[in-house]
Amino acid sequence: MPFKLSDLQQARQAYRQFLDHNPPAHHARYIFPFFAGSYFAYRKADVMRVVAVAKAVSNSPSYLDVGCGYGDFLARVREHLPQAAGIEKEGGIFYALQEVKPDYIQVQDVESMGKPVDVAFVGWMEPGTDFRRHVARIAKCVVTTFDAGGQCGINGGCEYDEFGYEQVAWWRTPSWIDVNAELMNRYYTPALSEDKKLQLSKLRGAHNFWYVYARPEIAGRVKAGLESHLAHENAGEYDFEEVLDELGYHYKEELPGLTTAKKLWEVMLG
């Protein structure tokens, strides 16, 4: 959606006021994700899986983060794929707030993408927005995330099967919505009793899903590359992952009542 300068400045002011109170480390990325994080919660494991997928497509893969915002996730990917780039439609997020735009992020509409890429990453589509066909036009492989809370295209779909891709794998992670809500309940809502906080912590329904799609001619190669990576997965951790652990969203934590992907970050291969 278009951003109004006044809204951006007001949100930025609230963010700075929050930081003035010296909150616990990394809380800001889940409370103010627009400025300090992303609208999906991730671990280093997610980054390394995406990198493994890209390297399975090509020895020197081209990678494009579509709608990358300030480039939080993209910056992590670039540590392993230095040529990775991003596009962001709303250039105002940089210029209005006098943020330095990295050279590897271009201000561009999704509709105007033309150069083919090995891998396109789509971490977020605004509700009511659907630009999948534009992504499918240029990418050999697509990695996408979407939450169960309704974020996705016009018809509620985030899948790429209809565009000629094969689903290679998927896994479940906590939704930013749940992480944010639990963080706010635990630390920033003093009126809540401990019993109420515990009760609310069990209401985790807005899971996030990561899907990997590939063109049929490379699907087997992508699956094999991801499978090989998973056999020795030991990605380490980013410092902000301690917040996820503290809130009970541990790597490979088992979730009750599920029939598939019972554990967070458990990969289901197609």
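Read-outs throughout are calculated quantities, based only on the coordinates presented, and are distinct from any laboratory measurement. All figures in this text were calculated on a predicted structure; none of them were measured in a lab. Note: ideal-geometry Cβ built from the backbone for every residue, glycine included; neighbour counts use all protein chains shown.
Any of Lys4/Lys115; Lys140/Lys252; Lys55/Lys115; Lys55/Lys223 with alpha carbons more than 22 Å apart? Name them for me.
Flagged as over cut-off: Lys4/Lys115; Lys140/Lys252.
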**Q.** Per-residue ³J(HN,Hα) for segment 60-66, Karplus 6.51 cos²θ - 1.76 cosθ + 1.60, θ = phi - 60°, Hz, x for Gly and Pro
**A.** 10, x, 8, 9, 10, 8, 8
Q) By how many nm would the segment from Arg133 to Arg186 grow when fully extended, if each residue of separation counts as 0.36 nm and the alpha-carbon distance is taken off? A) 15.0 nm
Q | Long-range tail of P(r) for segment 46-191 (Cα pairs > 22 Å, %) | A | 44 percent
Q. PRE reach from Glu246 (point 7 Å along Cα→Cβ): which of segment 32-65 fall under 16 Å by backbone N?
A. 32
Q. If contacts are Cα pairs under 8 angstrom and at least 6 residues apart, what is the relative contact order of segment 5-269 in percent?
A. 20 percent
Q: Whole number please: convex hull volume per residue, Cα atoms of the chain, in Å³.
A: 137 Å³
